[in-house]
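Notes to accompany the following structure.
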Amino acid sequence: MQRFFTSLDWTVLALYFLGTMSIGFYFMRRSRSTEAFTAGKRSLPGWACGLSIFATYLSSVTFLGLPGKAFASNWNAFVFSFSLPIATLAAIYWFMPYYRRSGEVSAYAALEQRFGAWARVYASLFYLLTQLARMGAVMYLMALPLSVLLGWDIRVVILVVGISVTVYSFIGGVLAVIWADAMQAIVLMGGALLCSALMLLRMPEGPGQVFQMGMAADKFSLGSFGLSLAEPTFWVVLIYGIVINLQNFGIDQSFVQRYIAAGSEKEARKTVWIGGLLYLPVSFVFFFIGAELYAFYHAYPSELEEVRQIVARQQFVQSGTEAVTLTNQQIGDKVFPHFIGKHLPAGVTGLVVAAIFAAAMSTLSTSLNSSATLMMSDWYRRFIRPDATERQSMRVLHGTTVVWGILGTGMALLLINISSALDAWWTLSGIFGGGMLGLFLLGMISRRADNPVAVTSVILGVVVITWMTVSPLLDSPRWAALKSPFHMFLVPVMGTLTILLAGLLLSRARPVK
């Protein structure tokens, strides 16, 4: 595949990379205080913060994972996007005003004020684990097109990407992250629309063939509308989306930092509207690209066979064994990179790869900055050195940025041989989410829920999450009765509901003091 990446493509990609890195160096001098590094001095325009949220949301998991998912199955995962308006409204009226009034840079300081230090540690720890899983999935999906296009070992690509993003996040802080994200959001949308338009024009029987072949293969289906909780039905994905997006907009550190970085509450509202609602139409474009890919590659069977050979060859290089059978999802994750490399004009290929690079840079730099912020505020300043100087705090921010960059790169290397990067990310985020949203909602809804009630509720929630995660791994027939009957997407849903409902019931059962 290396022959498809021309010198013009290299030039476009190099210019984009240099432009992105230059933003980091430009803001290097302005990010020498903890306030600037973590909150952008609370003076940024709402549209920039909103585009930053959107670009963070639109990671390489979206850019490659959604088309790959639609190619392999249908539009069932698109239902996840339907929950965004609900989360956006909740953020506008409840979450964003609350965080701006608090004045805290940590999203989880409020939990300590409500329930004690353990609640802050609990939420912060599980957030850090969630970001670790996210960085791994994003970095892996960014490395996919580069390994396919250039013929490089995917592990080498992951290492190069991990080092580059860590350096970028290290030097610029949240100021560089937000302004670079705003630029990258435009590149992301432009790259997606360009790919979709070019694919329609390359169909042998015209654009209408995409709809004919897609309808015949049920590619536009939103999934079953049945009431089963063991399958990813329309309702299961919708409920999962509501919980995850409430978690994102309500208690995700990276989102909260954007709310705080906006110059005023009016600008912060712009942040939420732009960041929340822009993803819905753009995710539609990516699912449509997946349907286009299915039609294109089945209209040209020789092209599909070429992708199969590439996937089989990569699997042999990575594992040393020849692939006996390849799943649709394994092929689906590779068709978009193949199309980008082989069928886009010279220069355009470089631009689209730059868009994929932008998607990953936005998410990874955000995850690194927010993780470093929590390590400094929730751990170092809270438990190790409460009287830390600015210099000491900046050292912690820089040091933890590097450590988390290394850990995220390691996670990406572990995800190489999975069948679906999108499913892996959704599963890991659900597990590591740990029901944090349930604890936060309990604190907001019930004034009677005290520390013992919260502790008991969280223990029950963790037990449910552990059971739903571990029990499907029990293969022995004698353990069959203990297996969870629920789909893995319901792990965060059940964890959240267990903590919230148990807390409400226990608080009502306690005598009023």
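The values are calculated or read from the model by the stated rules, or taken from the named source; none is laboratory data. Nothing here was measured: the structure is a model prediction, and the numbers come from that model. For neighbour counting, all protein chains shown are included, and Cβ atoms are generated from backbone atoms with ideal geometry for every residue, glycine included.
So, in the range 443-472, exactly how many residues are of a type outside the set (Ser, Thr, Tyr) and outside any helix (DSSP H, G or I)?
First pass over the range 443-472, keeping only residues of a type outside the set (Ser, Thr, Tyr): 443-445, 447-455, 458-465, 467-468, 470, 472.
The next check asks that each one be outside any helix (DSSP H, G or I); those that pass are 447-450.
So the count comes out to 4.
crowded, with 21+ Cβ neighbours inside 10 Å and either in contact (Cβ under 8 Å) with a residue 60 or more places away in the chain or not assigned by TED's automatic domain parsing to the domain that holds residue 439 (or both), is that true of residue 113? When the stated conditions are applied, residue 113 does not pass them.
For the range 471-481, does any single residue satisfy the condition of being hydroxyl-bearing (Ser, Thr, Tyr), surrounded by 13 or more Cβ atoms within 10 Å (Cβ to Cβ), at pLDDT below 90 and more than 20 Å from residue 235 (Cα to Cα)? Yes; the residues of the range 471-481 include at least one that is hydroxyl-bearing (Ser, Thr, Tyr), surrounded by 13 or more Cβ atoms within 10 Å (Cβ to Cβ), at pLDDT below 90 and more than 20 Å from residue 235 (Cα to Cα).
What about residue 97, is it at pLDDT 85 or above, within 30 Å of residue 215 (Cα to Cα), in the same structural domain as residue 312 (by TED's automatic domain parsing) and not β-branched (Val, Ile, Thr)? Answer is no for this residue. Residues that are among the aromatic types (Phe, Trp, Tyr), modelled with pLDDT of 85 or more and assigned to a helix (DSSP H, G or I): does the range 299-313 have at least one? No: the range 299-313 contains no residue that is among the aromatic types (Phe, Trp, Tyr), modelled with pLDDT of 85 or more and assigned to a helix (DSSP H, G or I). Residues that are assigned to a helix (DSSP H, G or I), at pLDDT 90 or above and among the polar types (S, T, N, Q) within the range 233-258 comprise just one, 245. Being at negative phi and assigned to a loop (DSSP other than H, G, I, E, B) is the requirement here; does residue 220 meet it? Yes; evaluated as a whole, the condition is true for this residue.
Got at least one residue in the range 196-213 being assigned by TED's automatic domain parsing to the domain that holds residue 358, of a type in the set (A, V, I, L, M, F, W, C), part of a helix (DSSP H, G or I) and within 17 Å of the chain's Cα centre (by Cα)? No, every residue in the range 196-213 fails to be assigned by TED's automatic domain parsing to the domain that holds residue 358, of a type in the set (A, V, I, L, M, F, W, C), part of a helix (DSSP H, G or I) and within 17 Å of the chain's Cα centre (by Cα). Scanning the range 448-475 for residues being hydroxyl-bearing (Ser, Thr, Tyr) and within 20 Å of residue 115 (Cα to Cα) gives a total of 2. The one condition from (1) under 19 Å from residue 235 (Cα atoms); (2) within 26 Å of the chain's Cα centre (by Cα) that residue 499 does not meet is (1).
For the residues 456, 409, the requirement of being assigned by TED's automatic domain parsing to the domain that holds residue 36 and either among the basic types (Lys, Arg) or at pLDDT 90 or above (or both) singles out 409.
Tell me, which residue of the range 218-255 that is closer than 16 Å to residue 272 by Cβ and of a type in the set (Phe, Trp, Tyr) is surrounded by the fewest Cβ atoms within 10 Å (Cβ to Cβ)? Break it down into steps so the answer makes sense when it comes.
Pass one, the range 218-255, residues closer than 16 Å to residue 272 by Cβ: 245-255.
Next cut, of a type in the set (Phe, Trp, Tyr) only: 249, 255.
Values: 249: 26, 255: 30.
Of everything passing the filter in the range 218-255, 249 is surrounded by the fewest Cβ atoms within 10 Å (Cβ to Cβ).
Taking the criterion of being modelled with pLDDT of 80 or more and loosely packed, with under 13 Cβ neighbours inside 10 Å, the only residue of the range 1-10 that qualifies is 7. Of all residue pairs spaced 6 or more apart or on separate chains, those with beta-carbon atoms under 6 Å, a first member in the range 27-46 that is closer than 19 Å to residue 253 by Cβ and at pLDDT below 75 and a second member that is assigned to a helix (DSSP H, G or I) and of a type in the set (A, V, I, L, M, F, W, C) are 31/37; 31/175.
Is it true that residue 185 is in a helix (DSSP H, G or I) and at pLDDT below 80?
No, not satisfied.
For beta carbons closer than 8 Å, sequence separation of 6+ or different chains, a first residue in the range 450-469 that is aromatic (Phe, Trp, Tyr) and a second that is surrounded by 16 or more Cβ atoms within 10 Å (Cβ to Cβ) and not in a helix (DSSP H, G or I), the qualifying pairs are 467/484. Residue selection: residue 266 fails the criterion of being of a type in the set (D, E, K, R), surrounded by fewer than 21 Cβ atoms within 10 Å (Cβ to Cβ), within 24 Å of the chain's Cα centre (by Cα) and at pLDDT 90 or above.
So which residues in the range 212-238 are aromatic (Phe, Trp, Tyr) and touching a helix residue (DSSP H, G or I) at 6+ places or on another chain (Cβ under 8 Å), if there are any at all? Correct list: 220, 225, 234.
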